[in-house]
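The values are calculated or read from the model by the stated rules, or taken from the named source; none is laboratory data. What you see is a predicted model; the values in this text were computed from it and never measured. FYI the Cβ positions are ideal-geometry reconstructions off the backbone, even for glycines, and counts take in every protein chain you see. These area figures cover heavy atoms from the full protein model, side chains too; ligands, DNA and RNA do not enter into them. Shrake-Rupley method; radii C 1.70, N 1.55, O 1.52, S 1.80 Å.
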Amino acid sequence: MVKEKANSSLRAKILKTAEELILSKGFVATSIDEICRKLKITKGGFFHYFKSKEALGAVLLEACCEQIHVATPKNDQEDPFQKILDRIDESIKGLEAQGKPGCLMGYLTQELFDTHPAIRKRCCEGFSQWTESIAKDLAAAKKMYAPKAKFEPRALAEYWISILEGSQILAKAKQDKTVVKENLTHLKNYFRMLFKQ
C-alpha cells in the first residue's frame, strides 16, 4: 500500500515537472533526460509510467481537457449572463495564480499540429468540447437577454477562446501577464453591450 502511494506520487511528480517544462520551453525542447534530472530519477523510473514522451504528452493533454471541463461553473439555476461573467472571472483568477501564463492545449496545438496528428486531433476535440460548453451558456443568455441579436453562440464562443488563448501568447511575448486580465475585462465589457447588460 505504501509502495503504491509512493508510485502514484512519483507519477504525479513526473506529470507536474513535465508540464512546467513544456509550458516554459515547449514540448520538443523538453527531454525525458531533463525531466529525470529534475526529479533525480532514472529513465527506467520514467518509462515505468510512460512508454514515450508522446504518451506523457497525451496524458497531460487529457488532464488539461478535464481541468477545463471541471473549471466550468455548474450552477444551472444561475442567471445565464452572470454565469458567463463568472466563467471569465474564473479564467482571470486561474491565470493570475499561474507563474507564467499558458495553456497546455494551446501550446501543444501550436507546436505539434504538423508533426503529431494524434495530439493535434485531441487538441481539436478539446477545443471543440470547450467551445460547445461556452456556446451553451451564450445561447441561454441570448435567449433571455438578446433573442433578436444576429450573433451565433458557437462562433462567439470561439471568439472568446481566441481572445483568451491569444492574450496568453501576447502576455508571454511581453512578459506581462496583466495583458490577459485587461483583454478579458474588455471581453466582459463587450458582452455587456452585446447582451444589453
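For HIS48, the solvent-accessible surface with a 1.4 Å probe is about 130 Å², rounded to the nearest 10. Take the Cα of ASP79, go 7 Å toward its beta carbon, and the backbone nitrogen atoms of the range 174-197 under 15 Å from that spot belong to 189, 191-197. Taking a straight line from the alpha carbon of LYS174, these lysines sit under 28 Å away, with near neighbours fewer than eight places off in the same chain left out: LYS16, LYS25, LYS38, LYS93, LYS100, LYS188. SER24 contributes an accessible area of around 70 Å² to the protein surface, as traced by a 1.4 Å probe with all chains present. Within straight-line reach of LYS43, meaning a Cα separation under 16 Å, sit the following lysines at least 8 residues removed in sequence or on another chain: LYS13, LYS51, LYS53. For the chain, with all protein chains in place and a probe radius of 1.4 Å, 57% of the accessible heavy-atom surface sits on carbon or sulfur. Ordered from largest to smallest accessible area (heavy atoms of protein chains, 1.4 Å probe), the residues VAL179, VAL28, VAL59 come out as VAL28, VAL59, VAL179. The residues of the range 81-197 have, on average, 55 Å² of accessible surface per residue, using a 1.4 Å probe with all protein chains present. At the residue level, ARG192 shows approximately 80 square angstrom of accessible surface with a 1.4 angstrom probe and all protein chains present. Here the average projected area of the convex hull drawn through the C-alpha atoms of the range 15-154 stands at 9.9 nm².
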